[in-house]
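Notes follow once the structure below has been shown.
What follows is calculated from the coordinates using simple rules that are stated; it is not laboratory data. Note that the structure is predicted; figures quoted are calculated from it, not measured. No Cβ is skipped: glycine too gets one built from the backbone with ideal geometry, and neighbour counts run over all protein chains shown.
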Amino acid sequence: DKITDKINALSKDADYFSLEFFPPKTQMGFANLQNRLERMATALRPLFVTVTWGAGGSTASKSLELAEICQRQLNLTTCLHLTCTNMSRKLIDEALEQAKALGIRNILALRGDPPRSEEYREGGQAEKVEADNDSNKEFVWAIDLVRYIRKQYGDYFCIGVAAYPEGHSDQSHPEHQDPNFDLPYLVEKTKAGADFIMTQLFFDVHAYEHFEEMLRNHSSGVFKTIPIIPGLMPIQSYQILRRTTKLSHASLPPDMLARLDKVKGDDEAVKSVGVDIISEIIEAIRRRDSTGRRGFHFYTLNLEKAVAHVVERCQLIPPSTPDKDVEEAITLDDIAP
Ligand code: FAD
């Protein structure tokens with residue numbers, strides 16, 4: 001199913017959520033994740049799930065394997081992330097063909113991060129990276145992938161694109177970490193054929209609200225009705241939080257940091273304050289916007305408990321369909337004691 005069709009089919013006052021997973025490295029990891037996914041699918045009932053793609057195609061076969069489990073075996077509406085820098089056109093074609101063959105109708109079209117400068121210094125590696133770059137001037141920005149998918153597949157895929165409420169931090173222009181800098185490119189990327197927008201994680205709800213308002217009121221009109229799905233990362237531990245906020249350049253408002261700092265030696269307490277914080281962000285966004293069909297995307301890091309607590313607290317779990325016997329057997333209690 002296409003994500004936008006599923007959103008449009010919701011009743012006007014129904015909110016929804018989606019979950020992101022990344023492909024594990026080992027078969028044991030896959031087996032564990034598959035069990036977890038089964039529990040989450042039946043107990044939490046996300047509108048869709050997304051599967052990440054390693055930049056340059058580094059996880060291509062594993063991402064497709066996980067996407068197959070989600071779409072085919074678990075019957076979850078699946079969105080495959082796909083990056084385009086440092087990817088040959090052949091690899092992009094193969095990924096899209098395989099996604100189509102699996103029945104996947106949704107692609108999150110991304111640029112991917114260019115290789116870090118250290119990688120250029122490592123002798124042979126440097127040559128390889130440069131060679132790949134040379135052969136692939138066709139895909140420089142995410143918009144190139146959006147255009148390519150539309151050209152090759154018409155309307156077959158529902159296409160999502162990324163946006164950054166606090167600005168995209170790029171090594172090539174770190175001085176431009178400002179949503180206003182990205183805006184003209186986001187307009188073009190959306191015009192090129194995006195069906196929905198999904199954001200980088202954030203904790204500063206005011207920054208998000210300001211960003212969404214800027215998009216909705218943009219004079220081009222391209223953001224008037226397109227679904228804009230805020231990305232949220234449930235807090236798994238103090239260390240993971242500090243690391244991911246640093247990597248994503250998401251700011252942590254001082255009052256939130258103070259609440260977490262107070263309990264930082266106690267993992268369970270950090271998780272519990274984290275559930276409070278993420279739930280408060282969701283409620284704040286809902287309060288401001290009463291247009292309905294409001295979505296939330298969760299960066300799960302493949303973990304189930306924190307996100308289960310959040311979606312339960314915020315009453316984002318849709319009612320189960322009565323004709324599915326298994327759903328009766330698996331409840332939220334199986335995930336979240
Ligand atoms: P773009 O839209 O191309 O934008 C990148 C930057 O370039 C922005 O600063 C933009 O303003 C600027 N820009 C765009 N066009 C131009 C132009 N013509 N001239 C000058 N500047 C321009 N990465 C992965 O590797 N795998 C994943 O699975 C993955 N999933 C993600 C999911 C989400 C929801 C998000 C928000 C990010 C994800 N990323 C992932 C990270 C993403 O690949 C990086 O942030 C990447 O650096 C930018 O990708 P983009 O699609 O936003 O690029």
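Mind checking the full-extension length gain between Asp255 and Gln315? Use 0.36 nm per residue of separation minus the Cα-Cα distance, one decimal, nm.
In short, 19.1 nm is gained.
Largest GNM mean-square fluctuation across Leu301, Leu82, Leu108, computed for the chain with C-alpha springs under 10 Å, falls on Leu301. Note on Ser58 and Lys191: the model spin-label points, each 7 Å out from Cα along the C-beta direction, lie 3.5 nm apart. Annotation: extensible slack from Leu301 through Lys25 equals 98.0 nm (criterion: 0.36 nm per residue apart, minus Cα-Cα distance). Loop sites here are trypsin sites (Lys or Arg not before Pro) outside DSSP states H, G, I, E and B with no more than 13 other Cβ atoms within 10 Å. The longest part of the chain free of them is 225-323.
Between Ser219, Ser272, Ser63, the residue with the greatest mean-square fluctuation in the GNM of the chain (Cα pairs under 10 Å linked by springs) is Ser219.
Residues considered: Asp255, Asp93, Asp170. Largest GNM mean-square fluctuation over the chain, using C-alpha springs under 10 Å, is found at Asp255. Placing unit charges on the Cβ atoms of the charged side chains and taking the dipole of segment 34-85 about its Cα centre, the candidate lying farthest along the positive direction among Leu80, Phe48, Leu66 is Phe48. For the chain, the membrane-span-like helix rule (DSSP H, alpha carbon extent of at least 27 Å along the helix axis, mean Kyte-Doolittle at least 0.0) picks out 267-288; this says nothing about an actual membrane. Neighbours of Gln73 by Cβ distance under 12 Å: Lys/Arg scored +1, Asp/Glu scored -1, total -2.
The modelled label-to-label distance for the pair Glu280/Glu175, using points 7 Å beyond Cα in the direction of Cβ, is 3.7 nm. Would you work out the Kirkwood radius for segment 215-255? I mean one over the mean of 1/r across all pairs of different Cα atoms, in Å. After inverting the pairwise mean of 1/r, the radius is 12.8 Å. The value obtained for the chain, namely the Cα convex hull volume divided by the number of residues, is 148 Å³ per residue.
Here the ratio of the Cα radius of gyration of segment 165-304 to 2.2 N^0.38 Å is 1.10. With the convex hull of its Cα atoms as the shape, segment 13-94 has an orientation-averaged projected area of 6.1 nm². Among the listed pairs Lys25/Lys224; Lys2/Lys90; Lys90/Lys305; Lys189/Lys246; Lys191/Lys305, those with a Cα-Cα distance over 30 Å are Lys25/Lys224; Lys90/Lys305; Lys191/Lys305.
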